[in-house]
Amino acid sequence: MSDHKRQPPASTGHIYNGMPAGELGTEGWRKPWSGPNGGNCVEALKLADGRVALRQSTDPEGPALIYTVHEIETFISGAKRGEADFLFA
């Protein structure tokens, strides 16, 4: 374990980047980007405050990445414009 202080669990109302995704519950997760990859997908959950949590479907208890509305909108808009195409080159 690292020397960083562990963040409190979501049950205290604190949602933080890297928290165990299982602490966000099992309801509401969706696979908007799934494909013919055997179920290895990114899952997304819209949080009550508008932020978006992402997790790896093959590790639903693993870390959740938490993004603000602005961050996720910027990423999706950029991807639609082709700005992430370099990932496939």
Only Cα pairs under 8 Å and at least 6 apart count here; give the relative contact order of region 40-89 as a rounded whole percent. 25
Would region 17-89 count as rounded, prolate or oblate if I go by the C-alpha gyration tensor, calling it rounded below 1.5 in a/c and otherwise prolate when a/b exceeds b/c, oblate otherwise? oblate
Within 9 Å, Cβ to Cβ, of E43, how many net charges do the neighbouring residues add up to if Lys/Arg are +1 and Asp/Glu are -1? +3
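Readers should treat all values here as calculations from the given coordinates under stated rules, not as data from a laboratory. Predicted model only: the values in this text are computed from it and were never measured. All Cβ positions, even for glycine, are placed from backbone atoms using ideal geometry, and neighbour counts span all protein chains on display.
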